[in-house]
């Protein structure tokens with residue numbers, strides 16, 4: 001139990017936190033713009049990981065082409081998802097949107113179980129056993145790549161949201177849908193893009209984590225619960241809040257895993273969520289929610 | 001007046017028929033389906049109270065169900081309580097937990113409640129699986145004893161045969177549904193519906209939404225906890241799979257198909273959806289794919305469910321012009 005042990009835990013926590021953040025930011029973006037809680041979000045994370053697995057092992061693609069391919073497929077799936085299912089939903093039909101995306105999640109998840117069984121698959125590649133060794137620290141290359149991808153996606157999303165016109169439009173719709181419509185922003189185009197980006201981030205997260213963890217059809221299901229807790233902790237619809245909460249939770253979990261029993265680690269997200277709801281219902285970074 | 005009597009009569013007849021089934025057939029498969037129907041109808045009835053009447057989408061029902069099951073099993077096995085005391089304690093604990101979740105999340109919004117209820121259900125599963133010293137982990141608690149009921153005059157009724165549990169769960173289901181019916185057809189139920197339709201308007205009429213929401217959550221949790229306790233003694237084992245998301249999805253489908261806010265619709269769809277998939281012999285994966293597809297189609301085309309369809313038909317009948325004035 002020396003310093004390098006803590007640093008190792010901390011680094012692991014940052015990696016997993018950044019991946020949480022990718023999923024949670026997409027979820028938060030979709031909630032912010034469309035006021036829809038996407039229950040199928042985790043399934044796209046699962047599909048991303050599955051697709052990465054098959055592309056690498058069956059099609060023999062390298063690491064970077066796989067990542068690019070999976071992200072492109074996920075973004076297209078996001079477009080299709082919006083145009084096929086979500087387009088008819090409005091903010092006031094909150095329960096309807098949950099049930100609709102829940103139905104989609106059931107189809108995708110159980111369909112994947114039916115086709116591929118629940119046996120976890122390990123994605124073994126040349127990357128799996130490469131480490132960077134710095135002093136006492138061992139950093140698996142697959143985790144480092146996941147971290148780099150996550151940070152790059154962070155940066156890209158930030159650039160889109162804050163330095164492009166379409167990003168401004170997205171933030172506008174999230175702030176006030178009617179007012180955005182009045183100044184000539186097409187909510188449909190903006191919503192479509194938000195869903196595509198959100199699903200794309202989720203697929204990317206799956207592809208980035210596929211070499212780190214085992215791939216199986218139920219992986220998205222448990223992952224998305226943490227993402228839900230994260231967006232509540234960060235404040236519903238608050239994207240940077242979700243990112244900070246995600247990295248915080250990743251680090252906290254990783255440190256807790258070094259000392260506490262497993263049940264406490266998995267329960268950590270939920271307990272923090274309840275605590276936040278009791279003490280600060282608008283979330284850590286939320287503003288102006290009437291209680 | 002006549003239609004009310006007719007309805008009461010048909011309900012009495014159906015209940016009597018259900019109770020007569022073990023006398024007519026000793027077929028254990030039929031009885032198992034009956035137990036399954038009684039259990040699921042209570043769960044979906046409770047969900048209907050929370051979602052259909054009060055407008056709160058809850059995923060926590062399965063958590064209450066399992067808490068009832070685990071509490072009853074642990075109290076009976078470790079503390080030597082009687083089944084009845086254990087089941088009552090399970091129901092009470094479930095209701096208490098329901099109040100805590102409801103109070104903490106409803107302060108924010110019903111959106112937050114939906115998400116929190118979902119995480120809660122998952123947390124229950126994690127605790128049941130990983131808190132080995134309390135729940136004995138993934139292996140669960142097998143070998144639950146056969147319960148006995150003391151009857152007057154020193155008699156005992158041991159629940160040995162499948163038909164005994166059939167009677168037990170069916171009786172409880174009748175009590176549970178009668179309770180739900182009393183609530184939804186009373187002032188309480190009208191207040192709940194008012195909150196669902198327009199919370200601000202209901203508030204302006206002097207209705208405090210939070211207390212009615214909490215009442216709906218607590219009552220449905222109580223019923224789910226009790227039925228969970230009875231159900232695990234029917235299975236003779238409780239393990240973490242009692243928190244399986246499968247139960248939630250099945251309950252939701254029953255409520256959606258039956259029509260949220262329609263008492264008889266949900267009851268009917270619970271019966272049909274218990275019996276039909278079993279007769280068709282789908283594997284669970286395929287069944288869930290199908291349920292998911294049904295959920296998507298229902299949400300896109302048919303958001304009110306069976307109940308709304310019946311309601312529309314009734315309205316159409318009222319509107320039909322009558323040639324002979326009354």
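The values are calculated or read from the model by the stated rules, or taken from the named source; none is laboratory data. Model, not experiment: these values are computed from the prediction. Cβ atoms come from the backbone with ideal geometry, glycine included; neighbour counts cover every protein chain shown.
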Q) How many residues does the range A:169-188 hold that are out of contact with any helix residue (DSSP H, G or I) (no Cβ under 8 Å at 6 or more places or on another chain) and assigned to a helix (DSSP H, G or I)? A) 3
Q. Taking the range B:122-153, which residues are part of a helix (DSSP H, G or I) and more than 9 Å from every other protein chain (Cβ to nearest Cβ)?
A. B:124, B:125, B:128, B:133, B:134, B:135, B:137, B:138, B:139
Q: Kindly indicate the residue of the range A:270-279 that is at the interface with another protein chain (Cβ under 9 Å from one of its Cβ atoms) and touching a helix residue (DSSP H, G or I) at 6+ places or on another chain (Cβ under 8 Å) and also surrounded by the most Cβ atoms within 10 Å (Cβ to Cβ) among those meeting that condition.
A: A:273
Q) Which residue out of A:105, A:202 is within 14 Å of chain B (Cβ to nearest Cβ), buried (at least 22 other Cβ atoms within 10 Å of the Cβ), in contact (Cβ under 8 Å) with a residue 40 or more places away in the chain and within 30 Å of residue A:53 (Cα to Cα)? A) A:105
(Q) Tell me yes or no: at least one residue of the range A:59-67 is over 22 Å from the mean Cα position of the chain (by Cα), within 22 Å of residue B:253 (Cβ to Cβ) and surrounded by fewer than 17 Cβ atoms within 10 Å (Cβ to Cβ). (A) no
Q) What number goes with the only condition from (1) within 30 Å of residue A:51 (Cβ to Cβ); (2) free of Cβ contacts under 8 Å to residues at least 24 places away in the same chain; (3) surrounded by fewer than 17 Cβ atoms within 10 Å (Cβ to Cβ) that residue A:188 does not pass? A) (2)
Q | Hits in the range A:76-90 (condition: modelled with pLDDT under 90, part of a helix (DSSP H, G or I) and surrounded by fewer than 19 Cβ atoms within 10 Å (Cβ to Cβ)) | A | A:83, A:84, A:87, A:88
**Q.** Every residue from the range B:92-105 that is closer than 18 Å to residue A:95 by Cα and modelled with pLDDT of 85 or more
**A.** B:102
Q. Looking only at residues in the range B:202-226 that are touching a helix residue (DSSP H, G or I) at 6+ places or on another chain (Cβ under 8 Å) and outside any helix (DSSP H, G or I), which one is nearest to residue B:44 (Cα to Cα)?
A. B:207
(Q) Out of everything in the range B:95-121 that is surrounded by fewer than 21 Cβ atoms within 10 Å (Cβ to Cβ) and not in a helix (DSSP H, G or I), what residue ends up being farthest from the other protein chains (Cβ to nearest Cβ)? (A) B:109
Q: Taking the residues in the range A:228-239 that are more than 10 Å from chain B (Cβ to nearest Cβ) and under 13 Å from the mean Cα position of the chain (by Cα) as candidates, determine which candidate is surrounded by the fewest Cβ atoms within 10 Å (Cβ to Cβ).
A: A:239
Q.
Tell me the residue from A:124, A:73 that is away from chain B (no Cβ under 14 Å), part of a loop (DSSP other than H, G, I, E, B) and surrounded by fewer than 21 Cβ atoms within 10 Å (Cβ to Cβ), please.
A. A:124
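Table: residues versus (1) modelled with pLDDT under 90; (2) crowded, with 21+ Cβ neighbours inside 10 Å; (3) away from every other protein chain (no Cβ under 11 Å); (4) touching a helix residue (DSSP H, G or I) at 6+ places or on another chain (Cβ under 7 Å).
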| residue | (1), (2), (3), (4) |
| --- | --- |
| B:52 | yes, yes, no, yes |
| B:56 | yes, yes, no, yes |
| B:62 | no, yes, yes, yes |
| B:81 | yes, no, yes, yes |
Q.
Every residue in the range A:246-269 that is at pLDDT 80 or above, within 14 Å of chain B (Cβ to nearest Cβ) and either buried (at least 22 other Cβ atoms within 10 Å of the Cβ) or not in a helix (DSSP H, G or I) (or both), please.
A. A:249, A:253, A:269
Q: Inspect all residues belonging to the range B:28-46 and state whether any of them is free of Cβ contacts under 8 Å to residues at least 12 places away in the same chain and assigned to a helix (DSSP H, G or I).
A: yes
Q. Would a scan of the range B:238-245 turn up a residue that is away from chain A (no Cβ under 13 Å), at positive phi and not in a helix (DSSP H, G or I)?
A. no
Q) With respect to residue B:238, is the statement that it is in contact with a strand residue (DSSP E or B) (Cβ under 6 Å, 6 or more places away or on another chain) and surrounded by 21 or more Cβ atoms within 10 Å (Cβ to Cβ) true? A) yes
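Residues checked against (1) modelled with pLDDT of 85 or more; (2) part of a helix (DSSP H, G or I); (3) within 14 Å of chain A (Cβ to nearest Cβ):
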site: B:228; (1), (2), (3): yes, yes, no
site: B:250; (1), (2), (3): yes, yes, yes
site: B:277; (1), (2), (3): no, yes, yes
site: B:299; (1), (2), (3): no, yes, yes
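Yes/no matrix, rows are residues, columns are (1) at pLDDT below 85; (2) within 23 Å of residue B:30 (Cβ to Cβ); (3) within 14 Å of chain A (Cβ to nearest Cβ); (4) in contact with a strand residue (DSSP E or B) (Cβ under 9 Å, 6 or more places away or on another chain):
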{"site": "B:210", "(1), (2), (3), (4)": "no, no, yes, no"}
{"site": "B:218", "(1), (2), (3), (4)": "no, no, no, no"}
{"site": "B:263", "(1), (2), (3), (4)": "no, no, no, no"}
{"site": "B:268", "(1), (2), (3), (4)": "no, yes, no, no"}
Q) Does at least one position in the range A:137-158 carry a residue that is within 14 Å of chain B (Cβ to nearest Cβ) and touching a residue at least 40 places away in the same chain (Cβ under 8 Å)? A) no
